[in-house]
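What follows is a short report on a single structure.
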Amino acid sequence: MTDRQDAEGAAAQDEQLVTADWRSTADLIDGVVVHEVRNVVTRNGITTEVFRQDWGIAAGEVTHAIHVHFRAGAISAWHSHKEKTDHLFVVAGLLRAVLYDDREGSPTRGMLNELYLSHSRPQLVVIPPRVFHGLQALGSDPAAFVNYFDRLYEYADPDDHRLPQKKLRRPVEQPEMVALAAALPGALARARAR
């Protein structure tokens, strides 16, 4: 048997990522929505809708929006909101979003989603309340996104709940979001036990 035959026998076939009409085949956490948007090439450049109420995917009325610029490789993890729904739309670069469902009673509790988002294939991602999520700018370029909320940001009482880095039991320099995700269930269990 040659080395090539050994390698071919050990290789696993890729899973299907999209259907023939380019729809994602991913199983998503309950309440998470990924809405594909199309770029429209015009005589002036490219126009992309980033939100429309008639898409019917907003949990409530959109009342607040922010623009976030991540340095290359930057990570923001792990946090959730008790009341607020995130609506993420990447406008520059490549972003990895990792979501973890720890909601009591959720049919997808314990499920993890890893999404790769880019302005090259525009998508609006809806993340419901109480779903932990983290973001990472991938590649050597910065990434930027717009986030729409169904609740105003309360400066005196923010609806942002972060797990302390020490509870994740991972080195600060470890850049892999999936490794962070592996540590999340244990960190949540330790936090609940207190």
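The values are calculated or read from the model by the stated rules, or taken from the named source; none is laboratory data. Please read these numbers as outputs of a predicted model, since none were measured by experiment. FYI the Cβ positions are ideal-geometry reconstructions off the backbone, even for glycines, and counts take in every protein chain you see. Just the protein is used for accessible areas: all its heavy atoms, side chains included, with ligands, DNA and RNA removed. Shrake-Rupley method; radii C 1.70, N 1.55, O 1.52, S 1.80 Å.
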Length gained when the stretch R52-R121 is fully extended (0.36 nm per residue, less Cα-Cα span)
23.1 nm
Ignoring any ligand, DNA or RNA, what whole percent of the accessible area of region 101-159 comes from carbon and sulfur when the probe is 1.4 angstrom?
51 percent
Compactness summary of region 81-147: radius of gyration and Dmax from Cα atoms, Å, are 12.5, 40
Label zone at V18, where the point sits 7 Å out along the Cα-to-Cβ direction: region 31-62 residues whose backbone N lies under 18 Å:
34-41, 48-49
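How large is the accessible surface per residue of region 1-144, computed with a 1.4 Å probe and reported in Å² as a whole number?
On the way: 8740 Å² over 144 residues.
Accessible surface, normalised per residue, equals 61 Å².
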Show log10 I(q)/I(0) for region 1-110 at q = 0.22 Å⁻¹, two decimals, from a solvent-free Debye sum over equal Cα scatterers.
-1.56
Stretched fully, the stretch from A92 through R109 gains (0.36 nm per residue minus C-alpha distance, one decimal, in nm) 3.0 nm
Which FRET efficiency value, to the nearest 0.05, do you get for N39 and V62 by plugging their Cβ-Cβ distance into 1/(1 + (r/R0)^6) with R0 = 30 Å?
0.90
